[in-house]
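Below: the structure, in structure tokens.
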Amino acid sequence: MILLQSHSRFLLQTLLNRVQNLEKEIELDHHWVEFDDVRYHVQVSVKNPHILQLSLSLPTSPLETVFVGGLPFGAIEAIKAAYGVIVQILDPPRDGFNLTLKLNLSKLPQDEENRHTLLVKIASVREVVLGAPLRVILKHLASRTVAPDTNQFVALVHRPNESFFLVPQADKVTVVFPMRFKDSIDTVLATSFLQEFMESRRTAGLSNAPPCLWSQSPPLELKGATDDALSANAGFVTFVIFPRHVEGRKLDRTVWNLSTFHAYVNYHVKCSEGFMHSRMRRRVESLIQALNCAKPEQEKTKKTSQTRSFKRLSLKNSRTSSSS
């Protein structure tokens, strides 16, 4: 199965092209949208070719989530810790966006490897911002504590008007995803996929993976949540994260995989649907070919008619023939 990359490929390519042509006065103004309705805007003016403005628009948050200044809690601290002096947060952000960053490309490291690593991290701004609350809670789990002023369960946005839930405890964090799909076929495929996903956890090679459960009804940990937050036509997926899953470098991977779990499932559902459609088309084509071969050959008999020819006579010739 394919895991989604944490960085935006188009943003990374844009940053690399800009750094390679830093002395050229080239104006940039790019808009694009990525999965789960995350919108980007990159702008570079001719007057300041070393300055790049990056704006980010997040999915519309439902009522149960908590945003601070238009961003998830802990996002500002996460940005400052990840990017340092190279990035300045503009307040207020660009109209229609939740965040606008001002990047000074002249302050990038001179070493090529370190510069590329930092650009990849900048291209992963989505993970830094949306994954900030999850990172805070999982960091406390690594030290076997609970973040202060934390509710019984925490709602985090991951899709437009949709959220998933965390139930933090000192020895574990329970993560619950209400799975929603608009198309009825996607719902059926996702339900089957998630059941197989839960069963695959029992294989010997995945014994250290987080426990995974699927149920048609909401788990007891979400008692007290609103009915809209618990509406799910493809059931609920529950992961239990232990301290061993967030030790060292595992933390970044765990944060990203949990933040994009619904997109991961949706991607494989669409791939499965496309695969089945291609198999169905090939099967129909083979059946049509078999039916064509079964048709009896038509008799190729043609009726031929006798043809007659005549010679047109002139008036003089007709009189001569008649007198004779």
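The values are calculated or read from the model by the stated rules, or taken from the named source; none is laboratory data. In this text the structure is predicted, and so the values were computed from the model without any measurement. All Cβ positions, even for glycine, are placed from backbone atoms using ideal geometry, and neighbour counts span all protein chains on display. All accessible areas refer to the heavy atoms of the entire protein, side chains included, with ligands and DNA or RNA removed. Shrake-Rupley method; radii C 1.70, N 1.55, O 1.52, S 1.80 Å.
Here Val38 does not qualify as of a type in the set (A, V, I, L, M), open to solvent by less than 30 Å² (accessible area, probe 1.4 Å) and in contact with an Asp or Glu (Cβ under 8 Å, 6 or more places away or on another chain).
Residue-wise test of (1) part of a helix (DSSP H, G or I); (2) surrounded by 10 or more Cβ atoms within 10 Å (Cβ to Cβ); (3) of a type outside the set (Phe, Trp, Tyr).
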site	(1), (2), (3)
Pro218	no, yes, yes
Asp227	no, no, yes
Val237	no, yes, yes
His245	yes, yes, yes
Leu258	yes, yes, yes
Tyr267	yes, yes, no
Lys270	yes, yes, yes
Gly274	yes, yes, yes
Cys293	yes, no, yes
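Cβ-Cβ contacts under 7 Å between residues 6 or more apart (or on different chains), taken from a first residue in segment 179-203 that is at negative phi to a second residue that is open to solvent by 80 Å² or more (accessible area, probe 1.4 Å) and aliphatic (A, V, I, L, M), are listed as Met198/Leu213.
I need every pair where a residue in segment 14-31 that is under 18 Å from Ala123 (Cβ atoms) has its Cβ under 9 Å from the Cβ of a residue that is surrounded by 11 or more Cβ atoms within 10 Å (Cβ to Cβ) and of a type in the set (Lys, Arg), sequence separation at least 6 or different chains. Short answer, once both residue conditions are applied: Val19/Arg115; Leu28/Arg18; His31/Arg39. Of the numbered criteria (1) polar (S, T, N, Q); (2) over 29 Å from Phe261 (Cα atoms); (3) touching a Lys or Arg at 6+ places or on another chain (Cβ under 9 Å), the one Asn17 fails is (3).
Gln13 falls short on exactly one of the conditions (1) open to solvent by less than 60 Å² (accessible area, probe 1.4 Å); (2) at pLDDT 90 or above, and that condition is (1). Among the residues that make up segment 194-209, is at least one of them surrounded by 13 or more Cβ atoms within 10 Å (Cβ to Cβ), of a type in the set (Phe, Trp, Tyr) and modelled with pLDDT of 85 or more? Within segment 194-209, none of the residues are surrounded by 13 or more Cβ atoms within 10 Å (Cβ to Cβ), of a type in the set (Phe, Trp, Tyr) and modelled with pLDDT of 85 or more. If the condition is being modelled with pLDDT of 90 or more and surrounded by fewer than 16 Cβ atoms within 10 Å (Cβ to Cβ), then segment 59-85 contributes Glu77, Lys80, Ala81. Out of Phe153, Phe164, one residue alone is aromatic (Phe, Trp, Tyr), closer than 20 Å to Pro211 by Cβ and modelled with pLDDT of 90 or more. It is Phe164.
Number of residues in segment 41-52 that are touching a residue at least 40 places away in the same chain (Cβ under 8 Å), farther than 30 Å from Val265 by Cβ and surrounded by fewer than 18 Cβ atoms within 10 Å (Cβ to Cβ): the value is 2.
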